[in-house]
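We did not get these values from a lab; they are worked out from the coordinates using the rules stated. Computed from a prediction, not measured in an experiment: that's the story for all the values here. Reconstructed Cβ throughout: ideal geometry from the backbone, glycine too, with neighbour counts over all protein chains shown.
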Amino acid sequence: MKKHFRLYLILVFAFLIFANPIRAINLFSVVGIWVFDSNKDMSDISGNGHDGVEEGKAKWVDGKFGKAVELDGTNAVIVKHADDMNLESFTLMAWVNIPNAPTDWWTVAAKDGWPDRNYGIWLASGTGLAHHSWTSGAAPDNNAVNAVTPVIAGEWYHLAATYDLKVSKLYINGKLDAEGNFNANPNFTDVEFIMGRTANGSYRYMGIIDEVGLFNQALSEEDINSIMESGLKVATSVEPNDKLATKWSDVKLR
């Protein structure tokens, strides 16, 4: 009986390791994941408790994966401040689909208590070019990276911004679009993390937002593409092989 059970466990682990081609993301790097897959559901599915609250009346529409939230410039998704959301190294990502070129700067998602801006992604007025920035120092310095590939109305775009305490990068649809060299720590702020506007109520977004992810490290281009292609639920649901090996070593037959 024990031999059969052990063989069964070996087959299960072999399947998990070799039959699943999806790249696994380090679960310990996840700060929050918001996928909006159920009506009025703004919960953080990471288990970290950073649930969103609806401001105004948002719509739930078809998203890139499942459902998504649609904002009209009068509403937003508000996530209460928590210390673990203040990040020095980070990745912020989202799928967006806008109805027209931005008529003002539009906030996709940000923790922005200007002049203390920890991280954020915006779309530039008129052009639809993605903008990623954070501030540092008391002055402060605004450390910005601007995309060269515009977000076109009516199409889905995956935006991802990363910073590793040396280089800020901005990815459009999984490809590095712009980067900047910086050597500073992002300013922390106790304002909310908000999808759809800044903390002071400006730069209100119009359009669809889906699959928002926040991580406490700069993910690689390979990781970003894995998430973009398979979705946050799938990409963050399988632990790396080394963790599987650790779990296997802990298996005890009784």
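General observations
- 5 angstrom amide H check on residue 88, placed H, neighbours 5+ away: none
- Treating r as the C-beta distance of residue 41 and residue 221 and R0 as 35 Å, the FRET efficiency rounds to 0.70.
- Inter-label distance for residue 125 and residue 54, nm, one decimal - labels placed 7 Å from Cα along Cα-to-Cβ: 3.1 nm
- Tail beyond 27 Å, pair distance distribution of segment 24-237 (Cα, percent): 20 percent
- As a rough guide to protection, the peptides 47-57, 140-150, 87-97 ranked by mean Cβ packing within 10 Å, highest first, stand as 87-97, 140-150, 47-57.
- Pair-distance profile P(r), taking every C-alpha pair of segment 93-181, with 5 angstrom steps and integer %: 3, 15, 26, 26, 17, 9, 3, 1
- Compactness of segment 191-234 as Cα Rg over 2.2 N^0.38 Å, two decimals: 1.44
- Cα Rg, Dmax, segment 37-160, angstrom units: 14.9, 43
- Rounded to whole Hz, the Karplus (6.51, -1.76, 1.60) HN-Hα couplings of segment 189-200, x for glycine and proline: 8, 9, 6, 5, 8, 10, 9, x, 6, 8, 5, 8
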